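Notes to accompany the following structure.
The values are calculated or read from the model by the stated rules, or taken from the named source; none is laboratory data. Remember, it's a predicted structure, so these values are computed and weren't measured experimentally. Every residue, glycine among them, receives a Cβ derived from its backbone with ideal geometry; neighbour counts consider all protein chains shown. Note: accessible area is taken over every heavy atom of the protein model, side chains too, but ligands, DNA and RNA are not part of it. Shrake-Rupley method; radii C 1.70, N 1.55, O 1.52, S 1.80 Å.
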Amino acid sequence: MQKVKGKLVLKDGSVYEGTLYSTHKAVGEVVFTTGMSGYQETLTDPSFCGQIVIFTYPLIGNYGCNDLFNQSEGCCYKGLIVSELCDEPSSWRDEGTVMEFLEKNDIPVLTGVDTRAITRRIRSYGTLQGVLVPADTPDDEIQALLATPEEHDQVAQVTTKKVYTMGPEDAKYSVAVMDYGVKRHILECLVEKGCKLTVFPAETPAEEVLAMDPDGIFLSNGPGDPADLKPEIENIKKMIGKKPIFGICMGHQVMALANGAKTKKMLFGHRGINQPVRDLVDHKICITSQNHGYMVDEDSLKGLPIEVINRSLNDNTIEGLRYLDHPSFTVQYHPEASPGPSGNAYLFDRFIKMMGGH
């Protein structure tokens, strides 16, 4: 990959210089993630589609890459920013460096910058549009890139293009999965719990989904603003009450919208594998993996038959909802990632029990 002096320029005019490995310029929303490991899972998470991502942990790539960790077919990033990128990984599972992975996926990476300084700015002023460019890029070209309209079609970019199935034919439960950018391990967890999955493109009509007569419906994670998914929200409205529904992340947000609630953009979001959440149903604290920049607006829940069942211990925002007039619940975080000591797979068990009539 071509190596040049480069820089990140944020829309507020702040500039951070380093070494840029790239053959092209990148523009996108700049966000940060706080995980100390799991970088390949993060790199292949479709929920990051269209964004320039900062790893706050200073050393990335020390255990290499392995296709086993991929959560999708490739990387949807616009660009990556790290303090130091390890080029000599050490692990028995290592099958290549992060740089080789980025080069294969044609992802620009800026290294040698103070990622803490950029993160502090985003935490103070919120996520901003930014560009990764060579250091000698003319200012008028940078300003033109920064003026690029924000993307609103991220789910269309990452959803499956055709229906496919996973799991044994004789599975106890059949689940219809609405793919807004689903992570592979979520599907694997459902299969391990005894489900046969039929995965549908995001805009599949509700009538087609319900025609397979599933035991339950799963609404997946995904990128972007949930309010953009108007056809998907209308389809969810038609499925509500017909089958038990479980949603994660984007699925949590669009389910709330379909039930009359509202969502709003967060200052800098929750991204990382160390987010503490209180489960108000099972009365315990969970360490969770999260990746979202929008949240359900709590004020919009007033008067609706919806109960808050999970809360963030960092900022008290809503992390889970239960619907009181139909068998459905959703969470904002990723139970399949299991970053804590015991994991959060019990939420899949809750969905299984719901499909069993409990």
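Given the options Lys196, Lys172, Lys161, Lys183, name the one that is within 18 Å of Gly247 (Cβ to Cβ) and basic (Lys, Arg).
It is Lys183.
Looking only at region 1-32, which residues are in contact with a helix residue (DSSP H, G or I) (Cβ under 8 Å, 6 or more places away or on another chain), outside any strand (DSSP E or B) and open to solvent by 30 Å² or more (accessible area, probe 1.4 Å)?
Across region 1-32, the qualifying residues are Met1, Lys11, Asp12, Lys25.
Counting just the residues of region 304-358 that are among the β-branched types (Val, Ile, Thr) and within 25 Å of Lys242 (Cα to Cα), which one comes out surrounded by the fewest Cβ atoms within 10 Å (Cβ to Cβ)?
For region 304-358, the residue satisfying everything is Val308.
Of all residues in region 244-271 being assigned to a loop (DSSP other than H, G, I, E, B) and more than 15 Å from the chain's Cα centre (by Cα), which is surrounded by the fewest Cβ atoms within 10 Å (Cβ to Cβ)?
Gly260
For Phe246, state whether it is out of contact with any Asp or Glu (no Cβ under 9 Å at 6 or more places or on another chain) and not acidic (Asp, Glu).
Yes; evaluated as a whole, the condition is true for this residue.
Could you please find all residues in region 204-243 being surrounded by 24 or more Cβ atoms within 10 Å (Cβ to Cβ), in a loop (DSSP other than H, G, I, E, B) and in contact with a Ser or Thr (Cβ under 7 Å, 6 or more places away or on another chain)?
Correct list: Asn221, Gly222, Pro223.
Of the conditions (1) crowded, with 23+ Cβ neighbours inside 10 Å; (2) of a type in the set (S, T, N, Q); (3) in contact with a helix residue (DSSP H, G or I) (Cβ under 8 Å, 6 or more places away or on another chain), Gln51 clears all except one; give me its number.
(3)
Hey, can you tell me all the residues within region 272-288 that are assigned to a strand (DSSP E or B), in contact (Cβ under 8 Å) with a residue 12 or more places away in the chain and open to solvent by 10 Å² or more (accessible area, probe 1.4 Å)?
Ile273, Asn274, Gln275, Pro276, Arg278, Ile285, Ile287
Go through region 314-330 and count every residue that is in a loop (DSSP other than H, G, I, E, B) and farther than 20 Å from Asn291 by Cβ.
So the answer is 4.
Which residues, taken from region 317-333, are in contact (Cβ under 8 Å) with a residue 40 or more places away in the chain and β-branched (Val, Ile, Thr)?
Hits for region 317-333 are Thr317, Thr330, Val331.
Which members of region 145-177 meet the condition of being touching a helix residue (DSSP H, G or I) at 6+ places or on another chain (Cβ under 6 Å) and under 18 Å from Ser72 (Cβ atoms)?
Once the filter is applied, which keeps residues that are touching a helix residue (DSSP H, G or I) at 6+ places or on another chain (Cβ under 6 Å) and under 18 Å from Ser72 (Cβ atoms), region 145-177 yields Val158, Met166.
For region 54-76, which positions are more than 20 Å from the chain's Cα centre (by Cα) and either within 22 Å of His292 (Cβ to Cβ) or open to solvent by 30 Å² or more (accessible area, probe 1.4 Å) (or both)?
Within region 54-76, Pro58, Leu59, Asn62, Tyr63 qualify.
Identify, from the list Gly35, Gly64, Gly74, the residue that is assigned to a loop (DSSP other than H, G, I, E, B), on the phi > 0 side of the Ramachandran plot and small (Gly, Ala, Ser).
Only one candidate passes the filter, namely Gly64.
Check every one of the strands (runs of 3 or more DSSP E) wholly within region 77-195 and list those with 1 or more residues that are at pLDDT 95 or above and either touching a Pro at 6+ places or on another chain (Cβ under 9 Å) or open to solvent by 40 Å² or more (accessible area, probe 1.4 Å) (or both).
79-81, 128-134, 164-166, 173-179
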